[in-house]
Amino acid sequence: MYPLLFRTVLTRFDPEFAHHLGALVIRVAGVEPVASLVRRLTAPGRTQKVHALGLEFDSPFGVAAGFDKNVTMVSGLGALGFGHVEVGTVTALPQPGNPKPRLFRLVADRAVINRMGFNNDGAAAAAARLRRVRRSRRRPVIGVNIGKSRVVAVEDAATDYVRSALLLAPLADYLVVNVSSPNTPGLRGLQAVETLRPLLTEVRDAAGDTPLLVKIAPDLDDPEVQDIARLAVDAGLAGIIATNTTIARSHLATDAKAVEAMGAGGLSGAPLKARALQVLHLVRDVVPEEFVVISAGGVETADDVRERLAAGATLVQGYTGFLYRGPLWARQINRGLARGR
């Protein structure tokens, strides 16, 4: 039913508006007694549990950052079968993000372009919501993805990240430093090793016992990917997330003029699959076996998840596939993994 609904109804709505409509459904799915009924349909099998970061994940498949920016859908996403939910990106200061429109569908490519710009209610609001959701016994693992506030100068980024970490790390199951979004000016420059090392060190110290990971871009050169992976290990991080969205626009089925009209932003979805898998191999080749690598980008089916796990991913995340697969997406993947195909 969902593909028909998507083609005939949802594609008529602005993508960001459609996302907000979907969010309402997801929130309802997380409220009892609805949540218990939904779990009967979607719960992962016991054999799918993954132990990583000192945590138990019910499924290796979770939701990437960007989907639940303001910690409003965690319970619903957990009820729908996702093993973890990475909320955010959260910034120390609340900010509205970039002007609309800022989210675009590339249906022929099963992809999305976004230039949201870290629109969120800020770290203090996220902390308050995390306190509430953590009271639930039936919640997924919660990661918190933090980014630089737009009004903060790049040279002051470390202080800004630390401010968020101090508020959010005690409430997160794991914390992620996002230095790879293409939608905040100057942010990707923080991926340079000489800049990234002191930033990660300061945030790691602020995070305390909470496992810390760093999220990287797919547009880095191969040597840069491996340099950052080695740095993450040397700096005492718990893991790395590969990858964020891409600024590349090659080999798309969508008309080139239409893509150009959409403007700047990060591309996610199926076109990112090949590069995300390459980056996963690059990272896994230079980090210890026990080092956590979370693979994201172009993941849509159980076969995609299985391929990432076979390539060395500890966990796998998706985002854009939700748009094209609907609310039973995690169930489809978990059932596919359980069947071994």
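The charge dipole of the chain, taken about its Cα centre with unit charges on the Cβ atoms of Lys, Arg (+1), Asp and Glu (-1) only, comes to about 1640 debye. Looking only at GluC sites (Glu not before Pro) in DSSP loops with at most 14 other Cβ atoms within 10 Å, what is the longest site-free stretch of the chain? Here the longest run is 1-288. Solvent-free Debye calculation, one equal scatterer per alpha-carbon of the range 1-135: log10 I(q)/I(0) at 0.12 Å⁻¹ equals -0.57. Hydrophobic, long helices, defined as DSSP H runs whose alpha-carbon span along the helix axis is 27 Å or greater and whose mean Kyte-Doolittle value is at least 0.0, do not occur in the chain. In the chain, the alpha-carbon atoms span a convex hull of 123 Å³ per residue. Spacing of the modelled spin labels on GLN278 and LEU4, each 7 Å from Cα toward Cβ, amounts to 4.1 nm. Eigenvalues of the alpha-carbon gyration tensor of the range 184-255, scaled by 5 and square-rooted, set the equivalent ellipsoid semi-axes at 26, 12, 12 angstrom, largest first. Remark: the VAL151-GLU224 segment gains 23.5 nm on full extension, using 0.36 nm per residue and subtracting the alpha carbon distance. Here the spin labels are modelled as points 7 Å beyond Cα on the Cα-Cβ line, and at VAL25 and ASP205 they lie 4.8 nm apart. Considering helices alone, the calculated mean residue ellipticity of the chain at 222 nm is -11500 deg cm²/dmol, with DSSP H runs of length four and up weighted by -39500 (n - 2.57) and normalised per residue.
Computed packing ranks the peptides 226-235, 142-151, 105-114 as 142-151, 105-114, 226-235, most packed first, by mean other Cβ atoms within 10 Å. For the range 131-240, the C-alpha radius of gyration sits at 1.06 times the compact-globule guess of 2.2 N^0.38 Å, with N the residue count. With bins 10 Å wide starting at 0, give me the P(r) of the range 207-306 over every alpha carbon pair, in whole percents. Each 10 Å bin holds this share of Cα pairs: 14, 42, 29, 11, 3. Using a simple spin-label model with pseudo-atoms 7 Å out from Cα toward Cβ, ASP255 and THR47 lie 4.9 nm apart.
Only Cα pairs under 8 Å and 6+ residues apart enter the sum, and on that basis the relative contact order of the range 56-100 stands at 45 percent. Under the rule a/c < 1.5 gives rounded, and otherwise a/b versus b/c splits prolate from oblate, where does the range 47-99 land using the Cα gyration tensor? Prolate is the answer for the range 47-99, as a/c is 1.5 or above and a/b outweighs b/c.
Candidate cross-link partners of LYS100 among the lysines, defined by an alpha-carbon separation under 24 Å and a same-chain spacing of 8 or more, comprise LYS69, LYS148, LYS257.
Just so you know, all these numbers are worked out from the coordinates, no wet-lab data involved. These numbers were taken from a predicted model, which means no experiment stands behind them. Every residue, glycine as well, gets a Cβ built from its backbone with ideal geometry; the counts of neighbours run over all protein chains shown.
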